[in-house]
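Asker: Below you will find the structure I want to go over with you.
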Amino acid sequence: MPHTKRYLFISAAVIICIGIATFDAATPVLQAQAAGTHDTTPVFRGTVDLVSLNVTLTNEHNQPVGGLTATDFAIFEDGVPQDVSFFSSSRLPMDVAILLDTSSSMSPVLSVAQDAAIGLVESAQPADRVSVTEFNDRANILHPLGSDMNGAIRAIKATSARGSTALYNGLYMAMTEMIRSRRGAAAQDIRKQAVVVLSDGQDTSSLVQYEDVMDLANQSGIVLYTILLLTPLDARQLNDLKTSKFSQALFVMRSFAEATGGVTFMTSNVRELHGIYTKIATELAQQYTLGYISTNGQRDGKFRRVMVRVVDRPEVRARTRSGYQAPKPSASLGSPRER
């Protein structure tokens with residue numbers, strides 16, 4: 001695995017998460033949805049762990065599928081059926097962390113990348129929050145997570161290209177900020193969380209390792225949407241995985257996206273970035289959000305595999321994270337493990 005080298009690259013990674021929340025098993029949400037009513041307000045009273053999943057549905061033509069209810073879904077954890085405890089087909093408030101690669105190699109295309117990222121900010125709804133993080137030699141949060149969209153736009157415009165690429169540091173920092181934001185949130189504040197990462201090359205200077213990023217994503221439920229920006233020469237060489245300098249980077253980007261329910265985008269045309277950000281924003285708005293209370297009550301820190309299917313609709317593909325890290329009695333999110 002990539003832990004033997006640090007040069008990994010992700011381009012645009014959106015990371016969305018609703019991790020494990022406190023939820024009342026007796027909530028009327030499921031009954032309301034099954035009955036066809038519109039009462040989707042969750043009730044939070046208990047202290048059980050709700051595993052939340054953001055689910056993207058597409059048909060055989062790769063088009064989004066809408067109009068489903070909670071009873072259309074089946075959830076399995078390690079092969080064991082789970083009962084749906086929370087369901088929403090409406091757009092939930094979002095936290096979006098925008099990560100920009102501002103290493104020196106981005107200099108020729110940074111202005112176009114900035115405009116594309118600003119387009120994502122401008123798609124935000126009133127209840128959404130945005131943060132902006134840049135990474136070059138180091139990672140810096142330029143605009144903390146909040147509702148000041150004009151401040152986020154100013155932060156994006158203020159970035160400049162220099163230095164190397166600390167991609168892992170940027171991802172880890174952005175996810176950690178989002179996890180911390182949940183701790184002070186009201187129990188009723190159900191949100192999607194996303195990080196959008198744009199980069200044109202491999203990680204060359206992070207102290208945080210690949211495993212640290214993946215572990216944190218698995219613990220927190222964050223979904224990564226990755227975009228790799230290549231030069232035309234790089235795009236041609238990418239077909240030869242034995243010689244391509246991006247072969248390992250592409251593998252890692254895809255592993256992040258596939259493990260967390262996201263998608264990997266790749267382009268050699270910087271003008272396509274605006275459309276890619278638009279696709280990401282559209283997918284986030286059209287996702288279903290499901291939640292279940294695991295029948296496995298052990299807090300053992302083990303990875304549990306999750307699968308979502310649409311009942312009696314074999315032509316519909318469901319994409320979500322591949323699983324989650326079960327909590328530990330004294331687990332602490334947000335700090336790399338000791339080596």
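Asker: What number of residues within the stretch 110-134 are within 13 Å of residue 97 (Cα to Cα) and either within 18 Å of the chain's Cα centre (by Cα) or not β-branched (Val, Ile, Thr) (or both)?
Answerer: The qualifying residues number 11.
Asker: Follow-up. In the stretch 72-106, what count of residues is obtained for those that are in contact with a strand residue (DSSP E or B) (Cβ under 8 Å, 6 or more places away or on another chain), more than 30 Å from residue 166 (Cα to Cα) and either assigned to a helix (DSSP H, G or I) or of a type in the set (Val, Ile, Thr) (or both)?
Answerer: Here the count works out to 3.
Asker: Then there's this: Tell me whether the stretch 268-276 contains one or more residues that are over 19 Å from residue 97 (Cα atoms), β-branched (Val, Ile, Thr) and surrounded by 15 or more Cβ atoms within 10 Å (Cβ to Cβ).
Answerer: yes
Asker: Does the stretch 177-213 hold any residues that are open to solvent by less than 30 Å² (accessible area, probe 1.4 Å) and closer than 16 Å to residue 260 by Cβ, and which are they?
Answerer: Scanning the stretch 177-213 gives 178, 179, 192, 193, 194, 195, 196, 197, 210, 212, 213.
Asker: Another question about this same structure. Limited to the stretch 132-162, what total is found for residues that are under 16 Å from residue 198 (Cα atoms), in a loop (DSSP other than H, G, I, E, B) and of a type outside the set (A, V, I, L, M, F, W, C)?
Answerer: So the answer is 6.
The values are calculated or read from the model by the stated rules, or taken from the named source; none is laboratory data. Keep in mind it's a predicted model, so treat the numbers as computed, not measured. For neighbour counting, all protein chains shown are included, and Cβ atoms are generated from backbone atoms with ideal geometry for every residue, glycine included. In case anyone asks, the SASA skips ligands and DNA or RNA and just uses the protein heavy atoms, side chains included. Shrake-Rupley method; radii C 1.70, N 1.55, O 1.52, S 1.80 Å.
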